[in-house]
Amino acid sequence: MKKKSLVTSVLLGGILANPASGLIQSDKMNVILFTADDLDRNSLGCYGSRVPDISPNIDHFASEGLIFDRAYINASISAPSRAILATGLYGHNSGVMGFMKMKESSTDPLLMEILRENGYAVGVLSKVSHSTPKSTFRWDYTIQHTELGNGRSPSLYYKYSKAFFEECASAGNPFYLMVNSDDPHRPYQTPDGLYRNNSEAPSRLYSPEEIEVPDFVPDLPQVREELSYYFNSVKRLDDTFGKVMLALEEAGLKDNTLVIFISDNGIAIPFAKSNVYYASNRTPWIVRWPGIIQPGSRDRLNYISGVELLPTILEALKINAPSDLDGESHLDLYIKGGQRSTRSVYTQIDNKISGGPTPMRSVQNSDFVYIYNPWSDGQRIFVNNNEGLTMKAMEAASLYDNEIAGRVKLFRFRVPEEYYDLTSDPGCTRNLINDPAYEKQIRVAEKEMKKFMKKSHDPLLKLFKNRNKSPQITRQIFYEIFPEAVWYDEDKSNYSRKMPGKNGEDE
């Protein structure tokens, strides 16, 4: 069943008439979490993109609210990223360390469960499985991506979001709606793409000459070609966002709704999604809260991350949060600004959609990215389903370009530790881990990593403490933590090379 009636959960609290719509609405605040899928933050105009007319709807929304420049997602793969949003816990504490669900015995509540217990109707559009960490949880209102043009139909997002808003308003229910666009996730929109299953064309298409190439991949013709397709999909994302905001306004609920816009992770090309680089985890984080947030605000100082979403929303709604979360509310930044004591964020990967575990940990701030790759031993090979034309172009160019060859080798094999100076190298292209000039900064970063690991009870802490021991010792500890990785020793050539089906759309 697509949805169940929301009338049964009408609040006992105050009910207000809405003269703009003629509907009935609760006097409690509503919440919309809108997520893009695989969006690089820098692709948006409000974050500096020079691609013409790429995000007018999101940019307008940003002008009505607050933009965070130092916002991060803690895991750069859809399912574990969304689980962190829903639980306020890192993956090793919720149990979602990849494409898996929480244990049935788990007593950790989801954001949606807490809100429902407090009288909120909870709905989700697309990415339903990835956004539902518990296999037993059922949303009040569920629209699958197949009903939304494979998550790529702005008009269908408008239709179903408006129906939800109007039903909630008529029933007097406050709501939490998670709107998940499948754009700009692969497959990207090509100029000659066929629009099947009710998907729609974006409002405009881009040529390779109009787009920007991120600083972490080389500017090659095939890279530009693929990125032009990506920006087509970004454009449709903006179209979809605009339609959902229009539906909210037409329902007369704009002034009574807190809206947060983020991406679940970075762009699906090498050195971004499914990793722990700067481009992997940086996210747009834009908040509109009429009457509370000063329109046109920008926070350039404070570090926030996805693990803080649950306690922040609960505090905004005056609902008590669980006491044992990994994240802390940053609501005060929405209300009065100021500066927090937090100076860095902690990011993680454990398992991808296929292949053996490739655990990674990272500490990031505005100065550096420090990465720990305990899976890297010079023989294991990293492959995922997000490489496309960009990686093919890089591999072809590596035959005659030594710099690109070095990038390809690093991507495939990594090294146990990486350190990047973001002040001079925001693309994370020069690993300084063995540069004596950075020895002091690296020691500081290692201490920060250890502090995060201890505080969050990360099972990789034992491995991190012993990272300089013999390969035999570190391998033994690695297998204790990830016993499923033992099979790789039988055939190293297959490690992480098993690819998913369905055209690689699973992550």
Cβ pairs under 7 Å, 6+ apart or interchain, first in the range 232-256 and over 23 Å from LEU39 (Cβ atoms), second surrounded by fewer than 24 Cβ atoms within 10 Å (Cβ to Cβ) and among the basic types (Lys, Arg), ordered by first then second residue, are GLU250/LYS162; ALA251/LYS162
Of all residues in the range 147-159, count the ones that are within 23 Å of the chain's Cα centre (by Cα), part of a helix (DSSP H, G or I) and of a type in the set (Ser, Thr, Tyr). 2
I'm told MET453 meets every condition in (1) modelled with pLDDT of 90 or more; (2) not in a helix (DSSP H, G or I) except one. Can you identify the failing condition by its number? (2)
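Can you say whether ARG236 is closer than 20 Å to TYR158 by Cβ, part of a helix (DSSP H, G or I) and of a type in the set (Lys, Arg), as far as the supplied structure shows? Talk me through it step by step, then tell me what you get.
Details: closer than 20 Å to TYR158 by Cβ: yes; part of a helix (DSSP H, G or I): yes; of a type in the set (Lys, Arg): yes.
Here the answer is yes, as ARG236 does meet what is asked.
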Identify, by number, the condition in (1) without any contact (Cβ under 8 Å) to a residue 40 or more places away in the chain; (2) out of contact with any Lys or Arg (no Cβ under 9 Å at 6 or more places or on another chain); (3) over 15 Å from PHE271 (Cα atoms) that ALA405 doesn't meet. (3)
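Take ASN57 and tell me if it is at pLDDT 95 or above, assigned by TED's automatic domain parsing to the domain that holds PHE165 and surrounded by fewer than 24 Cβ atoms within 10 Å (Cβ to Cβ). First the steps, then the outcome.
Working: at pLDDT 95 or above: yes; assigned by TED's automatic domain parsing to the domain that holds PHE165: yes; surrounded by fewer than 24 Cβ atoms within 10 Å (Cβ to Cβ): yes.
Considered against the rule, which asks whether it is at pLDDT 95 or above, assigned by TED's automatic domain parsing to the domain that holds PHE165 and surrounded by fewer than 24 Cβ atoms within 10 Å (Cβ to Cβ), ASN57 comes out as yes.
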Would you check which residues across the range 37-87 are polar (S, T, N, Q), closer than 28 Å to GLY291 by Cα and out of contact with any Pro (no Cβ under 8 Å at 6 or more places or on another chain) and list them? SER55, ASN57
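The values are calculated or read from the model by the stated rules, or taken from the named source; none is laboratory data. Fair warning: this is a prediction, and the values are worked out from it, not measured in the lab. Don't worry about glycine lacking a Cβ; one is built from the backbone with ideal geometry, like all the others, and counts go over all protein chains shown.
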